[in-house]
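These notes concern the structure reproduced below.
The values are calculated or read from the model by the stated rules, or taken from the named source; none is laboratory data. Here the structure is a predicted model, which means the values were calculated and not measured. Cβ atoms come from the backbone with ideal geometry, glycine included; neighbour counts cover every protein chain shown. To get the accessible areas, we keep the full protein, side chains included, count just its heavy atoms, and leave off ligands, DNA and RNA. Shrake-Rupley method; radii C 1.70, N 1.55, O 1.52, S 1.80 Å.
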Amino acid sequence: MKTNRPSSRRVVLKSAAAGLVALAAPAIWTPARAASKRIVVRDDGGIYTKAYGAVFYRPFTEKTGIEVVAVQANAEPTAQIRSMVETKNYTWDMAKISQPAIRTLTSGSKIYLEKHGLEADPMVATIPAQYMSPYGVGNNVYSTVLAYRTDKFKGRKAPSSWADFWNVKDFPGRRGLRKHPFDTIEEALMADGVPNGQVYPCNLDRALASLDKVKSAVDVWWTSGAQVEQMLGNGEVDMVATWVSRAQSAIANGAPVSIVWNQNLWGCDSWSILAGSPNADACREFIKFASDPKRMAALTEYFPAGMTQPAAFSFVKPELAKGCPTHPDNIKNGLQIDARYWQENQAQVLEKFNAWILK
């Protein structure tokens, strides 16, 4: 954060002062300077690219003259980011990435992301600390939830917790779980009675023992969001652990699906700048622009966005707001995914989980 020096300090050595002003110039944006600028942003593709284009990318270009080019890549593109920074061949300038990915890219001897330095900016400062890090400004909260087909539970009690999902006797039906330890381990622990506040660090043996109890009743171990959406749409499963966006998409397409927000697991994606990007200052301008609460609220015209600005809810219709992961009624019943735990334990948990699946 640069500040102006007192005028008395500028009286002496005017030429040196002029040099300092010139050095500071890259942080000062004018339409003339911006006209030749371009930033490349990695996002998730699909509805995100469509919504971001309409709400963020094109309006930012119109305001500043800085072109925004969106590209899509793997959900956790840490290897790609490392390669770009190592070779200084910047295909991207910034990326929308998860908190675990940020930790992976900033915890070693080499730092692959740029500190944004926007904590005191008026537009960014109102984002709660749980959505922030020195290397990322939170832009979207995503959730994993329990979803079920309402037609399959007509006239009988529907599941309302992971314990109910595990309760095959009282809640019979076809089940689906993710074929990956992310989220699945936490769900198993909560189903076994572990309170939200005690899930981390995960007791892996207890989690696998809990999964043993439901394993034979799991009809589908899914591997992609598209697979879940299809299963909910055609009734292949009665209940499933899923990313909420897939359940919401199935509902939008006419499927009789209900979402259980109780014990949802949530994480946060952030705007992060690649270390050494020659367009870092332009990226900072974009992040400030995209952090505007009114602009975040406009995303709900496209999907139930996990808005990280609490004030954004003042600009969203109540019926739309109820479907957002960060709505107060939803997030208060959720568990934040522990990025540090998964960064430190991912390899060993994956090994044990995959061995368990094969048993």
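Restricting attention to segment 140-155, which residues are closer than 15 Å to Ser258 by Cβ and either β-branched (Val, Ile, Thr) or open to solvent by 40 Å² or more (accessible area, probe 1.4 Å) (or both)?
Val145, Thr150, Asp151, Lys152, Lys154, Gly155
Name the residue that is nearest to Asp121 (Cα to Cα), counting only residues in segment 306-322 that are in a loop (DSSP other than H, G, I, E, B) and free of Cβ contacts under 8 Å to residues at least 60 places away in the same chain.
So, considering only residues that are in a loop (DSSP other than H, G, I, E, B) and free of Cβ contacts under 8 Å to residues at least 60 places away in the same chain, the one nearest to Asp121 (Cα to Cα) is Val316.
For segment 236-245, name all the residues that are open to solvent by 10 Å² or more (accessible area, probe 1.4 Å) and more than 11 Å from Leu146 (Cα to Cα).
Within segment 236-245, Glu236, Ser245 meet the criteria.
What do you reckon, is Ala73 without any contact (Cβ under 8 Å) to a residue 40 or more places away in the chain and touching a helix residue (DSSP H, G or I) at 6+ places or on another chain (Cβ under 8 Å)? Write out each step before concluding.
Details: without any contact (Cβ under 8 Å) to a residue 40 or more places away in the chain: yes; touching a helix residue (DSSP H, G or I) at 6+ places or on another chain (Cβ under 8 Å): yes.
Considered against the rule, which asks whether it is without any contact (Cβ under 8 Å) to a residue 40 or more places away in the chain and touching a helix residue (DSSP H, G or I) at 6+ places or on another chain (Cβ under 8 Å), Ala73 comes out as yes.
What residue, of Ser277, Ser210, Ser272, is hydroxyl-bearing (Ser, Thr, Tyr) and over 30 Å from Arg82 (Cβ atoms)? Outline the logic, then answer.
On the way: Ser277 fails: over 30 Å from Arg82 (Cβ atoms); Ser272 fails: over 30 Å from Arg82 (Cβ atoms).
When all the criteria are applied, what remains is Ser210.
Pull up segment 211-228, narrow it to residues that are at pLDDT below 95 and open to solvent by 40 Å² or more (accessible area, probe 1.4 Å), then point me to the one that is nearest to Thr184 (Cα to Cα).
Looking at residues that are at pLDDT below 95 and open to solvent by 40 Å² or more (accessible area, probe 1.4 Å), I get Thr223.
Tell me, please, whether a residue that is in a loop (DSSP other than H, G, I, E, B), under 30 Å from Ser107 (Cβ atoms) and either at pLDDT below 95 or in contact with a Phe, Trp or Tyr (Cβ under 7 Å, 6 or more places away or on another chain) (or both) can be found in segment 347-355. It would help to see each step written out before you state the result.
Filtering segment 347-355 down to residues in a loop (DSSP other than H, G, I, E, B) leaves none.
Within segment 347-355 (the criterion being in a loop (DSSP other than H, G, I, E, B), under 30 Å from Ser107 (Cβ atoms) and either at pLDDT below 95 or in contact with a Phe, Trp or Tyr (Cβ under 7 Å, 6 or more places away or on another chain) (or both)), the answer is no, since none of the residues qualifies.
How about segment 126-143: which of its residues are part of a strand (DSSP E or B) and in contact with a Pro (Cβ under 9 Å, 6 or more places away or on another chain)?
Passing the criteria: Gly138, Asn140, Val141, Tyr142, Ser143.
Tally up the residues in segment 173-209 that are over 25 Å from the mean Cα position of the chain (by Cα) and of a type in the set (Asp, Glu), please.
Number satisfying all stated conditions: 2.
Go through Phe303, Phe286 for me and flag whichever is at pLDDT below 95 and either crowded, with 23+ Cβ neighbours inside 10 Å or part of a loop (DSSP other than H, G, I, E, B) (or both).
Phe303
Is it fair to say Asp151 is acidic (Asp, Glu) and closer than 24 Å to Ala311 by Cα?
No; evaluated as a whole, the condition is false for this residue.
Out of the residues in segment 252-265 that are among the hydrophobic types (A, V, I, L, M, F, W, C) and open to solvent by 10 Å² or more (accessible area, probe 1.4 Å), which is nearest to Trp92 (Cα to Cα)?
Ranking the candidates gives Ala252 first.
Scan segment 243-286 for residues that are under 15 Å from the mean Cα position of the chain (by Cα) and of a type in the set (Ser, Thr, Tyr) and jot them down.
Within segment 243-286, Ser245, Ser270, Ser272 meet the criteria.
Please specify each residue of segment 105-116 satisfying the condition of being of a type outside the set (Val, Ile, Thr) and open to solvent by 40 Å² or more (accessible area, probe 1.4 Å).
Result: Ser107, Gly108, Ser109, Lys110, Glu114, Lys115.
Could you run through segment 270-281 and say how many residues are in contact with a strand residue (DSSP E or B) (Cβ under 9 Å, 6 or more places away or on another chain) and either assigned to a loop (DSSP other than H, G, I, E, B) or at pLDDT below 95 (or both)?
Residues meeting the conditions: 4.
Can you tell me which residue is farthest from Gln309 (Cα to Cα) among those in segment 88-104 that are of a type outside the set (S, T, N, Q), open to solvent by less than 50 Å² (accessible area, probe 1.4 Å) and out of contact with any helix residue (DSSP H, G or I) (no Cβ under 6 Å at 6 or more places or on another chain)?
Trp92
Looking at segment 247-262 only, could you name the residues that are modelled with pLDDT of 95 or more, under 10 Å from Gly233 (Cβ atoms) and among the small types (Gly, Ala, Ser)?
Answer for segment 247-262, where residues must be modelled with pLDDT of 95 or more, under 10 Å from Gly233 (Cβ atoms) and among the small types (Gly, Ala, Ser): Gly254, Ala255.
Taking segment 156-206, which residues are polar (S, T, N, Q), over 26 Å from Leu350 (Cβ atoms) and either without any contact (Cβ under 8 Å) to a residue 60 or more places away in the chain or open to solvent by less than 50 Å² (accessible area, probe 1.4 Å) (or both)?
Within segment 156-206, Ser161, Asn167 meet the criteria.
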